[in-house]
1. Which residues, counting only those in the stretch 458-497, are part of a helix (DSSP H, G or I), over 18 Å from Gly20 (Cα atoms) and among the charged types (D, E, K, R)?
2. For the stretch 68-122, which residues satisfy the criterion of being among the basic types (Lys, Arg) and surrounded by 22 or more Cβ atoms within 10 Å (Cβ to Cβ)?
3. Right, Ile43: under 21 Å from the mean Cα position of the chain (by Cα), under 20 Å from Gln224 (Cα atoms) and either at pLDDT 95 or above or buried (at least 18 other Cβ atoms within 10 Å of the Cβ) (or both) or not?
4. Mind checking whether some residue in the stretch 104-115 is in contact with a strand residue (DSSP E or B) (Cβ under 8 Å, 6 or more places away or on another chain) and without any contact (Cβ under 8 Å) to a residue 40 or more places away in the chain?
5. Just for strands (runs of 3 or more DSSP E) wholly inside the stretch 364-427: which have at least 3 residues that are loosely packed, with under 15 Cβ neighbours inside 10 Å?
6. Kindly indicate whether any position in the stretch 434-451 is part of a strand (DSSP E or B), touching a Gly at 6+ places or on another chain (Cβ under 6 Å) and of a type in the set (S, T, N, Q).
7. Quick one: in the stretch 257-276, of everything that is of a type in the set (Gly, Ala, Ser) and within 21 Å of Arg498 (Cα to Cα), which residue is surrounded by the fewest Cβ atoms within 10 Å (Cβ to Cβ)?
Amino acid sequence: MPKRIYIFDTTLRDGEQSPGASLNVQQKLEVARQLERLRVDVIEAGFPASSPGDFEAVKVISESIKDAIICGLTRAKREDIDVAHEALRAAVHARIHTGLGVSDVHLQFKLRRSRDEALAMGVDATRYARNLAPEVEYFLEDAGRADTEYLYRVVEAVIKAGATVINLPDTTGYTYPEEFGALIRGVREHVPNVGKAVLSVHCHNDLGMATANAIAGVVNGARQVECTINGIGERAGNTSLEEVVMALATRRDAFSFTTRIKTTELYKASRLVSDLTGIPVAPNKAIVGANAFAHSSGIHQDGVLKERTTYEIIDPRSVGVPDSSIVLTARSGRHGLRHRLTQLGYRVSPDQFEQVYRRFLEVADKKKEVYDEDLESIIADELHRVPEIYHLDYVHVVAGGGTVPSATVRLVREGKEMTAAALGVGPVDAIYKAMDSLVQEPHRLVDFSVKSVTGGTDAMGEVHVRVADAQERVFSGRGSSTDIIDASAKAYLQAINRLAYRQQEPVSPAPEATERP
């Protein structure tokens, strides 16, 4: 009988540490609800002691989500644990996640404590947390580079102190599959009380081996995998949830493991996280990338048309990707649009539908035929808006051969209209310079990219930008339109609005030497 693997999603905690991936409380709740529909076992909702915003997000998610364990991260400090306990108070199923680094490099340079001192701190934190929560997960940060004898000592001690889950992270993505699998196997073989806790793996993707390492951990005895939607996370990211889940589902012959994930919700979860964070999914991304089920080679096309399994090992419908492309026009009407949105997995209220329908008509009038990819961009624009500190009221550009590009922009803030004009090396540069002169918050453009949503000269263009504030925090924005100039303006202003909204939130002191897997 297949063994059960628990899926621990940390999109809202570790995933949000990606530069530019900052989400507000309502956006985090929207992602949490989709994770509940996806049927993940554990949702790590945030780090409550790190900021009032994170505390509120964990609290709201704890109050709203009933079919998953809600987890809050803490440092190995009683004051952090108290804050997490308060944020998780309403959760039907609560878990406190605490821990410390175990590698010598972390102990010496980050924690500045001896092995015995760190061990004592970890035991105290675990025992204290277990008095407040029915489940305590203990992370051993940088386990992949730790001395194994010390690692075994720590695992045994924190299980004795009450830890119910042991998280063994490859924090820097340093290990390779055989090595990481041996680490998990070693813990199982050398820790006498290991049977009293669930072993968990938390792998990073610095060398591109996060998914392979996580699977190796499972094969060698881990029963929980920590991952994120689209593999987002700091540096090169985390283990990709959709990759692990579909690897186990597709290769049951090799692994004989199962999860409770509703795989048909994977694609929708991917799009939602991408839209809200402003982090695009690479076209060649496994499982959820635009090209994951696309075939351009004539030989491949011929094979797939004759028998899908010649070149596809996964049925697109099993992960929520429509197997057919439906073309809508302005004459399709409300019923046709509503039916297609339902087929694509979108649940919208009557008011939201009318909002989407109005935008759909605008796009359909301009490009005549509206494809699924266009609908996804419309949904992203209309339903995943950030709070508007600045509203784009008007933009006009002059550009072309032999002309100095110029732009006039009018923004509205708190009912007050502000207009500026600027010259640039191109129309987009001119727009951004005009906006910069009107925006009060210091910022700079970090990245700009543009892509076509569908083919043809009338295709919708999608622009992604990232801006940084004075503290070098990065904020993402996206915009789509059949007019690439309009899309560029929308994307830039969305990023600026994220930045401005974040600066209005209460700020608490940054945690000192934050421990995290």
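1. Across the stretch 458-497, the qualifying residue is only Asp486.
2. Result: Arg75, Arg95.
3. Details: under 21 Å from the mean Cα position of the chain (by Cα): yes; under 20 Å from Gln224 (Cα atoms): yes; either at pLDDT 95 or above or buried (at least 18 other Cβ atoms within 10 Å of the Cβ) (or both): yes.
So Ile43 passes the test.
4. First, the residues of the stretch 104-115 that are in contact with a strand residue (DSSP E or B) (Cβ under 8 Å, 6 or more places away or on another chain): 106-107, 110-111.
Then drop every residue that is not without any contact (Cβ under 8 Å) to a residue 40 or more places away in the chain, which leaves 106-107.
Yes, the stretch 104-115 contains at least one residue that is in contact with a strand residue (DSSP E or B) (Cβ under 8 Å, 6 or more places away or on another chain) and without any contact (Cβ under 8 Å) to a residue 40 or more places away in the chain.
5. On the way: elements: 391-398, 406-413, 416-423.
It comes to 391-398, 416-423.
6. no
7. From the stretch 257-276, those of a type in the set (Gly, Ala, Ser) are 269-270, 274; that's our starting set.
Checking which are within 21 Å of Arg498 (Cα to Cα) leaves us with 270, 274.
Details: Ser270: 25, Ser274: 23.
This residue is Ser274.
Conditions (1) assigned to a loop (DSSP other than H, G, I, E, B); (2) under 27 Å from Tyr267 (Cα atoms); (3) of a type outside the set (D, E, K, R), marked per residue:
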residue: Glu16; (1), (2), (3): no, yes, no
residue: Ile43; (1), (2), (3): no, yes, yes
residue: Gly72; (1), (2), (3): no, yes, yes
residue: His97; (1), (2), (3): no, no, yes
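The values are calculated or read from the model by the stated rules, or taken from the named source; none is laboratory data. Given the structure is predicted, the values throughout are model-derived calculations rather than measurements. Here Cβ is always computed from backbone atoms with ideal geometry, including for glycine, and neighbour counts include all displayed protein chains.
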